[in-house]
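Shown next, in structure tokens, is the structure this report addresses.
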Amino acid sequence: MSAPKKANKPRGNAARNKSSQAGKRSEQGAKAAQTTPPKAPAGDKSTNVVKQGEKKSGLFKFRRYKKVEGGKSKKARHPKLIVEQEENTVGFMGLTESEKRGHHKNIELDKNPEQGNTNKAYIRKEVRYADLGEFGEILQDYNLSESDKVKVIKYLQKLKNKK
């Protein structure tokens, strides 16, 4: 005769897996914190999201990101498009030649911002935030065309309306 079946209780490994999943959840929260804008003081309304007719000297300019990004074979310091600026903190979007990032499509640009480069270029659909000290000088050989500025502004407005 067979032995009676025991109740389904989590065994040692299952209990350990549940505790390790809790750690993964907290890591995901930390990643989300990197993409959220810093909180301004209560009375301060200094958020500088550019509107269509408005011009700011450092906005919609490309700067070289000082942090090394990419895997083992492709370590680089990629140019970033500055779209927001608050004192020493900037909001930026990455320039790429990839059509997608995971399952998310990037914003296709009509003209490559790098002078002399005719390859297709895209801007990532993600606004990240970092200190201004993480960036180098404004790149003079990168310029965003007017039609592409309209696309980016439209995306930023859509993102702002979601919140």
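Some observations on this one:
- Cross-linked pairs K111/K163; K105/K149; K100/K162: Cα-Cα separations exceed 26 Å for K111/K163.
- Report note on the peptides 121-131, 146-156: ranked by the mean count of other C-beta atoms within 10 Å, highest first, their order is 121-131, 146-156.
- Neighbours of E108 by Cβ distance under 12 Å: Lys/Arg scored +1, Asp/Glu scored -1, total +3.
We did not get these values from a lab; they are worked out from the coordinates using the rules stated. Nothing here was measured: the structure is a model prediction, and the numbers come from that model. So basically every Cβ, Gly included, is an ideal-geometry build from the backbone, and we count neighbours across all protein chains shown.
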